[in-house]
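Chemist: What follows is a single structure, and I will ask about it in a moment.
Taken together, the values in this text are just the output of simple stated rules run on the coordinates, not laboratory data. This structure is a prediction, so every number in the text was calculated from the model and none was measured. All Cβ positions, even for glycine, are placed from backbone atoms using ideal geometry, and neighbour counts span all protein chains on display.
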Ligand SMILES: *Cc1c(COP(=O)(O)O)cnc(C)c1O
Ligand code: SF4
């Protein structure tokens with residue numbers, strides 16, 4: 001039986017439902033509850049309720065289980081905890097840092113790059129990452145009915161230069177499988193589309209998301225599926241995540257990973273090298289290492305370019321070339337991500 005997440009103390013571990021939707025609904029949303037799960041006292045951290053009201057705290061149990069109890073500097077905790085630093089204002093950090101609203105030709109589509117486009121599938125995420133550049137995205141204007149998706153499909157049908165569709169969000173896998181199966185079938189009927197890419201963090205925060213129902217639709221069509229995960233630190237990968245990834249690779253999907261370079265979370269070459277090694281062990285290729293976007297509320301995660309380049313140079317000395325992700329940043333109105341060298 002699903003148990004509620006209130007009145008929880010570490011002394012009473014709840015049994016975790018095997019159903020990802022139940023796990024999603026049981027995500028922890030209160031600062032106090034998160035701290036109590038980790039045996040941390042509020043005085044040990046500069047948490048902020050105001051930051052949590054601006055962008056809510058949300059973190060599923062399986063991700064909390066990988067945090068170190070009693071460690072206020074845990075690299076997973078720092079990705080999700082609302083803190084006072086978020087309330088800093090700076091003119092260089094704004095709500096639409098990538099100027100995506102300019103490239104939103106119709107609701108649900110972001111078409112910026114040649115030959116591929118993003119579909120904003122689901123406004124929700126399973127986890128709220130404090131550094132997220134989409135924290136201010138106008139998802140309500142991009143919420144879609146099946147009828148409205150027809151307009152998006154028409155857009156893809158009429159542009160024969162597009163050969164790849166990217167499911168994005170939010171997190172596209174927060175949507176239900178019936179809808180995703182329907183949409184994927186429709187897209188597979190468009191003959192100029194070759195590849196389906198899924199950008200998701202859900203298999204990392206709730207590994208149970210990779211169930212048979214997901215595998216069924218993701219492999220049902222002629223489209224070549226590619227999954228791009230989002231993992232920032234080796235501690236995010238436990239045995240359950242590794243086994244979820246194995247289901248993807250066993251089903252013939254190519255699995256890549258993108259990370260964000262984050263101050264005090266993974267801003268050293270050793271941590272990044274360990275992440276790449278762990279990814280490789282699981283059959284995942286490192287793809288991008290993003291510099292932070294200048295999003296309001298996230299500037300305390302950002303690093304100077306010179307520091308980023310130095311870390312990256314050290315990383316290159318620790319790994320074979322194929323395990324070094326590309327260091328990139330997103331500059332508005334460019335035709336691709338921009339390599340930082
Ligand atoms: C990142 C991104 C893509 C994908 O870019 P790749 O370099 O192919 O991974 C596509 N569209 C938008 C709007 C993006 O931000
Ligand atoms: S999962 Fe991705 S889109 Fe969602 S909050 Fe985290 S970084 Fe943002």
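Chemist: Determine how many Å³ per residue the convex hull of the Cα atoms of segment 75-124 encloses.
Modeler: 153 Å³
Chemist: Still on this model: For 151, 200, what ranking results if the residue with the fewest other Cβ atoms within 10 Å of its Cβ goes first? Please report the intermediate quantities before stating the final value.
Modeler: Values: 151 13, 200 26.
By the 10 Å Cβ count, ascending: 151, 200.
Chemist: So how do 303, 24 line up by other beta-carbon neighbours within 10 Å, fewest first?
Modeler: Values: 303 17, 24 21.
Going from sparsest to densest Cβ surroundings: 303, 24.
Chemist: Compute the length gained on full extension between residue 195 and residue 314: take 0.36 nm times their separation in residues and subtract their Cα-Cα distance, giving the result in nm to one decimal.
Modeler: Working: separation 119, 0.36 × 119 = 42.84 nm, distance 3.44 nm.
That pair, residue 195 and residue 314, stretches by 39.4 nm at full extension.
Chemist: Also, quick follow-up: Subtract the Cα-Cα distance of residue 250 and residue 36 from 0.36 nm times their separation in residues, and report this length gain in nm to one decimal. Could you put the intermediate results ahead of the total?
Modeler: Values: separation 214, 0.36 × 214 = 77.04 nm, distance 3.81 nm.
This chain segment gains 73.2 nm when fully extended.
Chemist: Still on this structure, I have one more. What share of the DSSP beta bridges in segment 100-339 is antiparallel, in percent to the nearest 5?
Modeler: Details: 4 of 33 bridges.
Percentage antiparallel, nearest 5: 10.
Chemist: Calculated from DSSP H runs of 4 or more alone, at -39500 (n - 2.57) each and per residue, what is the 222 nm mean residue ellipticity of the chain, nearest 500?
Modeler: Working: 12 runs with 102 residues, N = 341.
Value at 222 nm, helices only: -8000 deg cm²/dmol.
Chemist: Antiparallel versus total DSSP beta bridges in segment 107-222: what percent is that, nearest 5? Don't skip to the answer; put the middle values down first.
Modeler: Details: 2 of 12 bridges.
Restricted to segment 107-222, the bridges split so that about 15 percent are antiparallel.
Chemist: So what are the chain's ellipsoid semi-axes, whole angstrom, largest first, if each one is the square root of 5 times an eigenvalue of the alpha-carbon gyration tensor?
Modeler: Values: eigenvalues 177, 118, 90 Å².
Taking √(5λ) for each eigenvalue gives 30, 24, 21 Å, largest first.
Chemist: Moving to a separate point now. If you rank 214, 55, 179 by fewest surrounding Cβ atoms within 10 Å, what's the result?
Modeler: Numbers: 214 23, 55 18, 179 15.
Fewest-to-most Cβ neighbours within 10 Å comes out as 179, 55, 214.
Chemist: Can you give me the relative contact order of segment 100-339 as a percent, contacts being Cα pairs under 8 Å and 6 or more apart?
Modeler: Rounded, it is 16 percent for segment 100-339.
Chemist: Rounded to the nearest 0.05, what FRET efficiency do residue 17 and residue 95 give with R0 = 35 Å and r taken as the Cβ-Cβ distance? Could you check?
Modeler: Calculated transfer efficiency: 0.45.
Chemist: Next question, about the same structure. Once you put a point 7 Å from the Cα of residue 179 and another 7 Å from the Cα of residue 280, both along the Cβ direction, what distance in nm separates them?
Modeler: Inter-label distance under the simple model: 3.9 nm.
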